[in-house]
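One structure below.
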Amino acid sequence: MNKMAYTERGSTKKFFCKFHGWAYDLDGRLVGVPDEKCFNGLKREEHGLSPVHLQIWQGFIFVNFDRTPRQSLNDFLRPMYGELEGYPFEKMTSCYSWSAVVNCNWKLALDAFQETYHVSYVHGRSIASALLKSDAGGLRPLDGLCGEYHRRLSIAGNPKSVYGNPNALTSASNGEAPGSANRPIGEAAFALRPRRCALRRRAGGFAEGDQLDAASELGLRYQRSVSRFYLSTRPNYYQAYNFRPLAHDKFWFDARVYYPEMTTAGGRFYQEYMKVSLRDVLLEDLSTLEHNQAACATRAKTHMVLQDFEIMVRHQFAVIERMISAGQAEESRH
Ligand SMILES: [Fe+2]
């Protein structure tokens, strides 16, 4: 057994194992074994590459490592993600990305992308002004929804800031991809803004299926998390982040941001501005998270306290605990 691919992209007619030179075709069949006769009747058909199940949703490829998946991707994503179908992902063809190994547990990291409570402080000098303050003065989400596995949060952008203005760059020349006969991106994405929903709160706090108050109808941004996958969609661009655990205190972070193809100098300048702005924001988040992990490791505190608008953080831990207990119960049956 060895690693079969060393680059993220490229083209090849065969895959070779760099240890003993076994060769596999593009269907994963074993097609070449040096000195094969010494294996005494090796059955090539039993030693192909191991298949994995994959399904595609709106252009995103999801891999399921279960040998026999218990659930289809659609069953897993809906109803939380169904409403996002129709967002013009296919028009956002210009991408930039960053990746990093971060010394922090992946769940703590995901927390920081599911609440806005930290924004005023951690991002006070960068993007805090890009979000719209609530009537109460804080940076509170407009609404949220907790599903069986996933959750979503909606936040209002401040139209007076470049970063938070959903109409930035929706002119005819740069609001849609060249040759598109469909609706402009801004309009198509606006159609997906969150509905006004009522606050329902039970005596014991928020629970699965509860909705958080939508204080205004200025829903400029959707954020959703599918376990380790995070999607943030805006009228004029979207972000897709992956949080891949490497160890209990280390994860690999991959952040990609997609825009429509920029066809004017102004469009290119806007994109570059957004790129460096987001880089600074991510650095603020990730460096804080490493200190967060180090502090947790001291065990000086046994609990984390959460306020109402950090409901998504609570939901994430509730889902993970439920899934771990279900897995443990299943293991104990075998
Ligand atoms: Fe942040």
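The values are calculated or read from the model by the stated rules, or taken from the named source; none is laboratory data. Values in this document were obtained by computation on a predicted structure and should not be read as measured data. Please note: Cβ atoms are built from the backbone with ideal geometry, for glycine as well, and neighbour counts cover all protein chains shown.
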Residues located in the range 132-153, provided they are within 16 Å of the ligand (Cβ to nearest atom) and within 20 Å of the chain's Cα centre (by Cα): 141, 153
Unmet criterion (only one of (1) under 15 Å from the mean Cα position of the chain (by Cα); (2) not assigned by TED's automatic domain parsing to the domain that holds residue 319) for residue 67: (1)
Every residue from the range 130-159 that is more than 21 Å from residue 238 (Cβ to Cβ) and crowded, with 18+ Cβ neighbours inside 10 Å: 140, 146
Residue list for the range 51-73, filter: β-branched (Val, Ile, Thr) and assigned to a strand (DSSP E or B): 56, 61, 63
Where a residue in the range 123-149 is in contact (Cβ under 8 Å) with a residue 24 or more places away in the chain and its partner, wherever it lies, is among the small types (Gly, Ala, Ser) and within 13 Å of the ligand (Cβ to nearest atom), with Cβ under 8 Å and at least six apart: 126/277; 127/277; 138/120
Selection from the range 74-128 of residues that are within 16 Å of residue 230 (Cα to Cα), within 14 Å of the ligand (Cβ to nearest atom) and part of a loop (DSSP other than H, G, I, E, B): 112, 113, 114, 115, 116
Close pairs (7 angstrom Cβ cut-off, 6 or more residues apart or separate chains): in contact (Cβ under 8 Å) with a residue 60 or more places away in the chain and at negative phi in the range 9-22, surrounded by 11 or more Cβ atoms within 10 Å (Cβ to Cβ) and basic (Lys, Arg) anywhere: none
Residue in the range 70-77 that is aromatic (Phe, Trp, Tyr), touching a Ser or Thr at 6+ places or on another chain (Cβ under 7 Å) and touching a residue at least 12 places away in the same chain (Cβ under 8 Å) present: no
Any hit, the range 291-305, residues being farther than 18 Å from residue 103 by Cβ, crowded, with 18+ Cβ neighbours inside 10 Å and away from the ligand (no atom under 16 Å from the Cβ): no
Counted residues, the range 236-253 - those being in a strand (DSSP E or B) and more than 9 Å from the chain's Cα centre (by Cα): 9
Any hit, the range 303-310, residues being part of a loop (DSSP other than H, G, I, E, B), within 22 Å of residue 57 (Cα to Cα) and modelled with pLDDT under 90: no
Odd one out for residue 271, checked against (1) closer than 20 Å to residue 93 by Cα; (2) in contact (Cβ under 8 Å) with a residue 24 or more places away in the chain; (3) more than 22 Å from the chain's Cα centre (by Cα): (3)
Any hit, the range 39-61, residues being under 18 Å from the mean Cα position of the chain (by Cα) and among the aromatic types (Phe, Trp, Tyr): yes
